[in-house]
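Worksheet: the structure to be examined is printed underneath.
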Amino acid sequence: MDTSFSPEDLAFKEEVGAFFDEAFTDDLRARIKDPKAYKEAIVEWQKKLYEKGWVAPNWPVEHGGTGWTPTQNYIFDSERSARGIPNTVPFGLSMVAPVIYTFGNDEQKQRFLPRILKSEDWWCQGYSEPGSGSDLASLKTKAELDGDHYVVNGAKIWTTYAQHADWIFCLVRTSNEGKKQNGISFLLIDMHSEGIKVNPIESIDNHHSLNEVEFNNVRVPVANLIGEQDKGWTYAKALLAHERTGIADVAGSKRGIREVRQLAEREVNGGKRLIDDPLFQKRLSDVEIELMALEFTDLRVLSQVATGGAPGAESSLLKIKGTEIQQAVQTLAMMVAAHYQGVLPTDIDSDVLGNDFGMAARRSYMYGRAATVYGGSNEIQKNIIAKAVLGL
Amino acid sequence: MNFDFSEEQTMLRDSVARFVQDDYDFDTRRAIVASDEGINRQNWQTFAELGWLSVPFGEDHGGFGGGPVDLMVMMEEFGKGLVVEPYFATVVLFGGLLRAAGNEAQQASHIPSIIDGSVLGAFAYLERQSRYEITDVATRAVADGDGFVLNGEKVAVANGANADVLIVSARSSGEQYDASGISLFIVPADAEGVERVSYRMMDGQVVANVVLRDVRVGADALLGELGGGYAAIDRVVQEALVALGAEALGIMGQLNAKTLEYTKTREQFGVAIGSFQALQHRMVDTFMSYEQAKSMVYRAVCALENGDDDARRVIHAMKVMIENCGRHIFEEAIQLHGGMGLTDELDIGHYAKRLMMINATLGDGDYHQAAFSALSYGGGHSTVASISDAA
Ligand SMILES: Cc1cc2nc3c(=O)[nH]c(=O)nc-3n(C[C@H](O)[C@H](O)[C@H](O)COP(=O)(O)OP(=O)(O)OC[C@H]3O[C@@H](n4cnc5c(N)ncnc54)[C@H](O)[C@@H]3O)c2cc1C
């Protein structure tokens with residue numbers, strides 16, 4: 001048992017940290033937080049990472065990956081998150097790219113991967129439908145072959161950042177025969193195609209990231225089909241493993257706890273600092289103790305992967321505990337903000353308002369409710385553990 | 001032992017319920033919230049005509065002479081409809097302070113105009129440093145001739161932007177956290193030196209920071225004894241907490257009913273999601289949270305109505321319960337609605353936000369839990385200490 005980092009790993013940590021500190025400027029941080037400037041700013045950041053060669057650590061080296069060890073990947077992610085630097089937008093780099101380089105043909109690899117690497121295309125994920133969320137395999141958006149095109153009809157929902165997207169990767173139904181998982185295909189669709197309509201959905205945090213995407217006789221070249229027709233479910237499932245890495249986000253929650261603590265040191269109730277309130281201390285320490293354990297659970301899963309084991313149903317554990325802790329931290333920030341937790345976006349200066357963090361706490365808390373819903377809800381994750389781990 | 005409402009209370013409840021059902025559907029409410037003032041003045045006139053604005057006031061001023069139970073049945077229905085018109089700010093807080101501390105002239109000049117709907121009021125008590133401690137008052141009142149000069153700032157004043165008249169707490173003597181030395185003043189919102197900066201809260205409330213710069217008021221603006229305002233505040237806060245508890249209860253009931261309905265109709269894997277035992281147990285838990293919260297609100301309202309010795313402790317307990325059960329219920333409601341629960345379009349999130357703001361009004365769960373513990377087991381809690389100071 002030895003959980004300390006090797007000297008090489010420590011040197012790597014230094015190197016990564018130094019890069020982040022220099023490259024991720026305050027200006028970038030501010031613009032990424034501003035919904036109006038978000039797209040341009042995050043793309044700018046991803047391009048910086050690309051120039052450094054670090055934009056796609058998980059990719060195979062031949063396509064532009066870093067070839068890092070799992071420990072190095074872990075360090076990279078932790079250093080990033082500890083600084084409050086957002087992850088790269090996952091839809092292109094972490095979701096569709098692995099499907100393309102694993103199951104796509106050479107033409108597709110050459111056509112799409114370099115552009116994803118350079119953040120030249122913005123991707124979105126078209127899986128969920130109004131009638132198919134947890135039961136994704138029941139999806140109905142259909143693609144019918146017509147010469148060398150598919151004709152796509154139907155609707156996707158909850159499509160994050162479809163309003164920014166150049167491309168959408170979709171699961172579509174190409175057959176109704178046999179098991180519902182069997183007639184699904186994986187299709188790459190140009191968002192600028194005729195017949196696509198994007199309808200915004202305002203979310204509970206009063207922002208617009210979600211959309212409904214309608215497909216009305218959208219013609220998609222057969223060349224955009226990944227792998228074989230009707231085999232898309234297999235490809236999508238393989239992708240889920242990629243989606244789950246870093247899901248516990250221990251470093252992000254650590255940062256959150258540190259921020260809550262700093263805020264609670266500033267807040268005073270009847271002459272007593274909030275941080276000195278035993279009830280508040282109990283709440284904060286409960287979360288921190290859970291997180292200490294999760295950090296090691298995360299490392300244990302990581303070491304299994306490093307020694308050749310695939311991250312299996314254990315990643316469900318990381319997802320459930322990780323998101324529960326994130327939400328607990330967000331709840332604490334709301335408690336610290338007291339009545340200022342309700343403030344909606346306003347032009348009023350924080351000096352005049354009398355508070356500089358309530359609005360951000362509200363936004364994180366409200367959007368944070370989604371973490372237990374998306375990426376396979378926590379209930380679905382529990383079903384997976386019950387079945388795959390406990391054999392129930 | 002009798003948990004039934006009187007005929008009058010039933011009529012009052014039904015009248016609010018009917019209004020919410022007929023004239024306050026969710027889209028209507030959304031439009032009101034989005035409007036410039038964030039409230040509908042016509043609704044307010046309806047409230048006046050239906051007599052709701054008169055409920056807690058004495059018959060000598062044209063009131064209905066109602067008590068905590070009457071207020072409770074109304075607030076619960078307001079909660080169900082997420083009504084944003086400022087009943088709580090105007091009638092419960094502003095009107096409550098006038099009832100508790102006003103002299104005959106003050107009551108006669110203000111209460112009838114609350115009842116006829118011509119005046120909206122607000123209670124400006126929070127300050128940017130005060131968090132939940134109402135006795136933490138830095139705003140100053142200095143005697144000047146036969147009146148006073150007020151200086152300071154109040155923040156997040158509920159209905160502060162729309163109010164015509166404010167009641168402001170200010171320190172006329174003592175140290176920052178002392179309960180004694182706090183005085184209450186009636187200040188017209190358009191008085192010289194009053195500056196309001198308004199903003200919106202996630203529950204649809206329009207609030208304001210109120211800056212007071214050398215605001216001059218006459219001796220007749222002093223509400224209650226000089227330096228003795230806290231006793232009135234404390235009394236009104238007890239009533240107000242119970243009113244908020246009732247509003248929260250109405251919301252919790254709606255959230256549970258809507259979530260239950262959703263799980264019966266939303267199908268995944270070929271069946272209603274409500275058929276999954278994992279979710280059934282979760283809904284049983286939220287059902288029980290609701291029943292427990294209801295019992296606690298009833299218990300608090302009875303304690304208040306009967307003036308029980310234990311009332312203060314029971315009300316602290318109720319606010320704790322409201323927070324715990326409310327949070328449990330709204331978090332589950334969002335989760336069980338899946339993606340739908342994350343939309344602004346659905347009412348679920350709006351109920352959740354109002355519950356969150358109720359939790360953050362007049363002390364959150366932890367604040368009241370500490371106060372409850374101090375009262376029950378001893379030890380220092382600032383408010384408890386201040387109350388004994390003031391007494
Ligand atoms: C903020 C956000 C962003 C998203 N981004 C995208 C995106 O970019 N692209 C995309 O394709 N999708 C996206 N999604 C959709 C997401 O994947 C779905 O919301 C999720 O799969 C749940 O589906 P649903 O919303 O239809 O809920 P439902 O499946 O209807 O579930 C409702 C409730 O029932 C529970 N439940 C369902 N089945 C079971 C069961 N068998 N046992 C126990 N409980 C069960 C669920 O856990 C949930 O609590 C996003 C969602 C959100 C909230």
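The values are calculated or read from the model by the stated rules, or taken from the named source; none is laboratory data. Since the structure is predicted, the reported quantities are computational estimates derived from the model, not experimental observations. Here Cβ is always computed from backbone atoms with ideal geometry, including for glycine, and neighbour counts include all displayed protein chains. In case anyone asks, the SASA skips ligands and DNA or RNA and just uses the protein heavy atoms, side chains included. Shrake-Rupley method; radii C 1.70, N 1.55, O 1.52, S 1.80 Å.
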**Complete:** From DSSP H assignment alone, runs of 4+ in the protein assembly as shown each adding -39500 (n - 2.57), the sum over residues rounded to the nearest 500 puts [θ] at 222 nm at -15500 deg cm²/dmol
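Where in chain A is the longest stretch that carries no trypsin sites (Lys or Arg not before Pro) classed as loop by DSSP and with at most 12 other Cβ atoms within 10 Å?
Result for the longest clean stretch: A:180-392.
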**Fill in**
Note on the stretch B:122-227: contact order normalised by length, alpha-carbon pairs under 8 Å, 6 or more apart, percent, works out to 31
**Item:** Between the stretch A:17-90 and the stretch A:187-238, the alpha-carbon center distance in angstrom
**Value:** 26
**Message:** Before we go on, tell me the buried accessible area for the A/B pair, both chains summed, 1.4 Å probe, in Å² to the nearest 100.
**Reply:** 4100
**Prompt:** Let a ≥ b ≥ c be the square roots of the eigenvalues of the Cα gyration tensor of the stretch B:122-227; is it rounded (a/c under 1.5), or, if not, prolate (a/b larger than b/c) or oblate?
**Reply:** oblate
**Prompt:** Taking only Cα atoms, what is the 0 to 90° angle, nearest 10, from helix B:277-306's long axis to the longest principal axis of chain B?
**Reply:** 30
**Request:** Pop a pseudo-label 7 angstrom from the Cα along the beta-carbon direction at both A:Ala23 and A:Ser193 and give the gap in nm to one decimal.
**Result:** 3.4
**Prompt:** Expressed as an acute angle from 0 to 90° and rounded to the nearest 10, what is the orientation of the C-alpha long axis of helix B:229-265 relative to the principal long axis of chain B?
**Reply:** 20
**Label-point gap, in nm, between A:Lys109 and A:Lys387 - each point 7 angstrom along Cα→Cβ** = 3.3
**Fill in**
Sorted on mean Cβ neighbours within 10 Å (highest first), peptides B:339-349, B:102-112 come out as B:339-349, B:102-112
**Request:** Roll a 1.4 Å probe over the protein chains and send me the accessible area per residue for the protein assembly as shown in Å².
**Result:** 42
**Estimated distance in nm for a label pair at B:Ser118 and A:Arg273, the labels positioned 7 Å out from Cα along Cα-to-Cβ** = 5.3
**Apportionment of accessible area to carbon and sulfur, the stretch B:7-119, percent (1.4 Å)** = 47
**Relative contact order, percent, chain A [alpha-carbon distance under 8 Å, six or more residues apart]** = 12
**Message:** A 26 angstrom limit on the alpha carbon distance is what I want to check against. Which of A:Lys179/A:Lys382; A:Lys52/A:Lys319; A:Lys142/A:Lys197 exceed it?
**Reply:** A:Lys52/A:Lys319
**Prompt:** Where the centroid of each part is defined by its Cα atoms, how far is the stretch B:1-35 from the stretch A:331-386 in Å?
**Reply:** 30
**Request:** May I ask you to list the chymotrypsin sites (Phe, Trp or Tyr not before Pro) in the stretch B:1-93 that are in a DSSP loop and have at most 10 other Cβ atoms within 10 Å of their Cβ?
**Result:** B:Phe3
**Request:** Calculate, for B:Ala48 and A:Ala30, the FRET efficiency according to 1/(1 + (r/R0)^6) with r their C-beta to C-beta distance and R0 56 Å; round to the nearest 0.05.
**Result:** 0.70
**Request:** Within the stretch B:1-82, report the GluC sites (Glu not before Pro) that DSSP leaves as loop and that have at most 14 other Cβ atoms within 10 Å.
**Result:** B:Glu37
**Item:** Three-way shape label, the stretch B:7-119, alpha-carbon gyration tensor, a/c 1.5
**Value:** oblate
**Request:** Compute the FRET efficiency between A:Ser175 and B:Ala278 as 1/(1 + (r/R0)^6), taking r as their Cβ-Cβ distance and R0 = 22 Å, and round to the nearest 0.05.
**Result:** 0.10
**Request:** Can you figure out the FRET efficiency of A:Arg261 with A:Thr69, using R₀ = 25 Å and their beta-carbon distance, to the nearest 0.05?
**Result:** 0.15
**Prompt:** In the stretch A:26-106, which GluC sites (Glu not before Pro) are in a loop and have at most 14 other Cβ atoms within 10 Å, using DSSP for the loop call?
**Reply:** none
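With a ≥ b ≥ c taken as the square roots of the eigenvalues of the C-alpha gyration tensor of the stretch A:117-230, please select rounded if a/c is under 1.5 and otherwise prolate if a/b is larger than b/c or oblate if it is not?
oblate
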